[in-house]
Every structure is written in structure tokens, then in C-alpha cells.
Amino acid sequence: MTGKILFFNASDGKGIIITNDKKKIPFEVGEWDDFEVMPSLGLEIAFDLHNNTPTSIAAIANYVPPEKIIYEEKEKEKVEHISDTHNKTEEQEDIASPEDALEENEDAEEEFFEEEPEINEIEEEEEEEELPQREESVTISLNVHKAVDNYFTIIEENINKRKLYKKVEGRLNYLLVRRFLWTIYNNLSEIDVHLINPQIRALSIDLKAMARVYDDFRLKTKYPHLAYEEVFLSCQAEYIKIKNGAEQTVARLKSLKGNEQYVGSALKVKKEDLAKSIDSEEFELLKNELRSLNGAYVDTVHMMAELDERYKHDMRILKEFEKEYRDDFYEIFARSAEKYKVDLVDILSAQAFILDDKLWNKAKFSKAVKAHFQKASIVGEFNTRTYLKYYLKPFENERMSDEVKKLSDLYEYLCSIHKEYVLILVNDSQDAMEFESSIKIVDKHIYTKSFIDPTKALKWAIKNSVRILIIENPLLQIHIETFLKNYQKYILSVPKIIILGEKPKSHEYPITKLLSKNSAPMLVAKNTKELYFETKEKINE
């Protein structure tokens, strides 16, 4: 019959079988005949049933039917009979004829060779049970130089694929700005779902891909043991084979430990049963079962000892291999890493600059973003620095957390790299050059840009940050009122304004300084410097 183990208690050796026709039959471990597999919940089994008592219980794969056992016993008797006959023949050697002796010898040889295949089978089975031959050391599959070269070849390929980024003029330190840059990306895309066009999306995907390369590189350079494992040891075929074998040995030991505990419990129960049945008819049967269980227990303990010894041996040669090449690897890897670190950070910073620039240039023309800035009272240029200042505003009067401190440091960095210009718009190119030259003489750190074309000036101002606007009135190509109206329409920030000439009749912005049309360039430069640094102090407050 067949069924499954529905319940089994290892403490008392009792359990319940549920048959395929849903009948529940109690059983005891004394009827368990399978020493390859121990009873466990859900195990599919086969057994014989006598007087509603299961006997000869075993896992289906290991079950031997009674008829086969009877057959094997008959075969055993047959072999014993042949052996007895052979012994009798030897005793009667002195009276047997030479011809009879020869025939008997031939018969014996035939019987021997008929049994030989079975002997060979047994030997093969025994060989399969033997543990594999031990390695005395680990053979290196890939030398240190080649393993390191293979890793940095991938780094170099990623750098070469993006070498055009090195020609980009601007940089935005990705290591500082990365988290806030992705905050901006996500927030702006939520404000205006149409803001992220295919170009911006492609830039973001490529930046993330390069960032993953850098993050892996940074981890390996920061933690050399990690690089050693992933770059060198993972390439060693024999090392991996032995290491996997050691892991399998641990798993096997855990399994055998469970078997040992189970068989030990079963032995205890069986000994108690045997002690109670000394005078019963079942004594011999229980004695044989105890002997079998004891044999299984001894085999289990022996196998555990062998596996434990093998595990210790394997771990020893693995550690010896690791130690042999570790220092060489650390030195070669660190030397190679220095070559690529600068290029990786430089390309990431160029990618961050372009993505940031494209995002804000698109945001400047987004009605949804403009409306959000006005509603939130965000004042300033459409850029990361302005948005970060607004983002930090709620934390001004609070004690800085580590995260806010990092953002404050980022703000300082953005202020340090952010170019703010003095935009000069006049009618004559000679005047424009003189104003620029005078301002540079007064303070060489003030950035200036001059135009005589109002349209070009406005387009340039959209893409850059203007702190002071110097504008001649009247302009030959456009009314100053129209220019200031368009400036307010397309540019959110409000610059300080110096008018050279007449005061506009109506204007959208307050006029900061009103100077004569014929003011000397040096006078204009001094007034510009005064306003420039006054504005900068207010911005940094």
C-alpha cells in the first residue's frame, strides 16, 4: 500500500499514515525499514498492512516488496547450498576421481563468474558513496593583472563612450548635487508632465547608467576586500568549485545532524522497548531492529566526522589561496583606480550640468512651473540655487539635521559657482566695450555681457542669471518700456536696473539708479560695483 505521513512525533516514535483512499493508520518507528530516509511530515511512503498494522514502511523510492525479499532469501539459501556442496566435495577429495574433480572445478568457476557482475555492481555502488578526492591546493585560473585589466576595461569603455562630455564647458559637481538634482527632476515633472521631453529623458537615463558604473567603482575602491572577491576570486574556476563544495558540505552536515538526532531518539525508544520485552517473543525481532538502528547511527556519525574534516581542509586551502594573492591585488587595483577616478567624476559632473541646464531652460517656458513659482512665492532665476533656497526656507529657524547641513553646503557650493552677470544694452558697440572694460578695471571678478541688439540680449538673459541691467534710453530698435515688459514676461528674477538717459514713462520694474546718458564709463562702473556687491550680500542673507 502507499500513502503519506500525516503526523510523526520523533520523541516517542509514533505517527499516523494517511493512505491514498484517505484512511488514517497509526504506526510506530519500529516498523520503519528505510535507513536512507527518516520519517517526516508529508513524505510519500509504501508499506505492507497486516491486521491493520503497517509493516516494512519505507519511502516509495526505497521500498522493497515482500516477494522480492523472499526471492532474495531463496537465492541466499541457494548460494549456501552450493557452498555446502563445495565443502563436502573437498572432504571427499581423496576418494573422488580426477575427472569428477575437474568437472566440479569447472562448475564452481561457472558459478563464480555468474556471480561476478553482482560483485562489480556492489563495488561501483561503494565507489559512488566515497567522497571525492581532495585538492591539496587551489590552482589559479586568471592572474591578478589580467583580472584587474578585465574590470577596468569595462570602466574605460564607459568613459570612451561618453568622451564628448569632456568638451562641455560647464560642470556641476555630481557627487554634491546628485540627490537634489533628482528631487528637482521629479518635482518639475510632477508640476508639468510635458516638461520631460525625449532629450531630457535620454540625458537622465545616461546619467543614471554612468552613476551606476561610478557607484560600483567607488565601492570597490573604498572596500578593497569587496573588489578582491568580485574582480579576482570570482574569476578563479577551481576556487569557486571548492568554495561551492564547502557550502554543500555545510548543508550536508546540517542534514546529517538532523538525522543523527532523529536516529538517536529512535535508538532510545527502541532500547526502552527492548528492555520491556526481554521475556517476550518479540525480543529477537526488536534486538535485530536495534542493531540496524545502531548501525545507521554509527554510519551517520562516521560520515559527519569525515565531512567535518573535509570542510576544514577545504577552508584551509581556500584561505591560503586568498592570502597568497591579496596584497598584490590591492596594490595593482589601487594604482589602476587612480587613473580613472578623475575622468569618471568629470564626466558625471558634465552630465549633471547639461541635465540641470536643459531642465531649467524648459521650465522657464512652462506655464505650470511659472504658476507654481508665483504661488509658492519663489523669487529669483529659474535654477537649482533658487529652488534650493526655497526648499531650505522652512528649516531656517530650526536646528540643522545632517541632511539639512548637506543641503546648506550644497547651496554654498552653488553660490560659489553660479555666475551672475551685469547685462549692458546700449546703442553703440564702442560704448558697450568701454563700459565692459571700465567695470573689469573696477573689479575683475564681476562678469559682464554687452549687446546692441535687444532681441539677442533678451534671449541671452533667459539662459543666464542677470544681477544688474544697464540699459540706455532711448533705444534705437525698441522702446525701453516694451523691452522691460518682455523681460518681465520671460524672466522671473528681478535685476537691479541702471538707466542711462531719460526715466521711462511707464515701467514694470523699479529703477535703482538713473544716470546721465553721457555719464563717463568709470562712473557707471563704480555705481555698478556698489550695486553688485550690495545685491550679493542680500542674496546670501
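The values are calculated or read from the model by the stated rules, or taken from the named source; none is laboratory data. Here the structure is a predicted model, which is why all the values come from computation and not from measurement. Neighbour counts are summed over all protein chains in view; Cβ atoms, including those assigned to glycine, are modelled from backbone coordinates with ideal geometry. Side chains included, ligands, DNA and RNA excluded: accessible areas come from the protein's heavy atoms. Shrake-Rupley method; radii C 1.70, N 1.55, O 1.52, S 1.80 Å.
Of all residues in the stretch 437-465, those that are under 24 Å from Phe382 (Cβ atoms) have Cβ atoms under 6 Å from Cβ atoms of residues that are surrounded by fewer than 18 Cβ atoms within 10 Å (Cβ to Cβ) and among the aromatic types (Phe, Trp, Tyr), 6 or more apart or on another chain, in Ile462/Tyr490. Within the stretch 324-381, no residue satisfies the criterion of being hydroxyl-bearing (Ser, Thr, Tyr) and in contact with a strand residue (DSSP E or B) (Cβ under 6 Å, 6 or more places away or on another chain). Set side by side, the residues Val263, Val193 differ, and just one is open to solvent by less than 30 Å² (accessible area, probe 1.4 Å) and over 25 Å from the mean Cα position of the chain (by Cα), which is Val263.
Quick grid of which residues meet (1) surrounded by fewer than 18 Cβ atoms within 10 Å (Cβ to Cβ); (2) within 27 Å of Asp215 (Cα to Cα); (3) in contact (Cβ under 8 Å) with a residue 40 or more places away in the chain; (4) aromatic (Phe, Trp, Tyr):
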residue: Asp328; (1), (2), (3), (4): yes, yes, yes, no
residue: Lys341; (1), (2), (3), (4): yes, yes, yes, no
residue: Ser349; (1), (2), (3), (4): no, yes, yes, no
residue: Ile354; (1), (2), (3), (4): no, yes, yes, no
residue: Ser377; (1), (2), (3), (4): yes, no, no, no
residue: Leu392; (1), (2), (3), (4): yes, no, no, no
residue: Glu398; (1), (2), (3), (4): yes, no, no, no
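Contact map, the stretch 294-320: residues that are on the phi < 0 side of the Ramachandran plot paired with residues that are acidic (Asp, Glu), Cβ distance under 6 Å, separation 6+ or inter-chain. Pairs shown: Thr300/Glu260. Number of residues in the stretch 28-58 that are open to solvent by 10 Å² or more (accessible area, probe 1.4 Å) and either of a type in the set (Lys, Arg) or part of a strand (DSSP E or B) (or both) equals 9.
Only residues that are modelled with pLDDT of 85 or more and either of a type in the set (Phe, Trp, Tyr) or in contact with a Gly (Cβ under 6 Å, 6 or more places away or on another chain) (or both) were counted in the stretch 279-333, giving 6.
You will find that of Lys254, Lys222, the residue that is within 17 Å of Met304 (Cβ to Cβ) and exposed (fewer than 13 other Cβ atoms within 10 Å of the Cβ) is Lys254 and no other.
Filtering the stretch 356-369 to residues that are among the small types (Gly, Ala, Ser) and open to solvent by less than 10 Å² (accessible area, probe 1.4 Å) leaves Ala363, Ser366. When residues in the stretch 379-390 are screened for being among the aromatic types (Phe, Trp, Tyr) and open to solvent by less than 20 Å² (accessible area, probe 1.4 Å), 2 of them pass. Inspect the stretch 211-224 for any residue being among the small types (Gly, Ala, Ser) and at pLDDT 95 or above and give the result as yes or no. Checked the stretch 211-224: at least one residue is among the small types (Gly, Ala, Ser) and at pLDDT 95 or above.
Go through the residues of the stretch 175-184 one by one and say whether even a single one is more than 22 Å from Leu410 (Cα to Cα) and charged (D, E, K, R). There is no residue in the stretch 175-184 that is more than 22 Å from Leu410 (Cα to Cα) and charged (D, E, K, R). Among the residues of the stretch 162-182, those identified as in a loop (DSSP other than H, G, I, E, B) and open to solvent by 60 Å² or more (accessible area, probe 1.4 Å) are Glu169, Arg171. Touching a residue at least 40 places away in the same chain (Cβ under 8 Å), more than 26 Å from the chain's Cα centre (by Cα) and more than 25 Å from Tyr239 (Cα to Cα), is that true of Ala371? So Ala371 does not fit the description; no.
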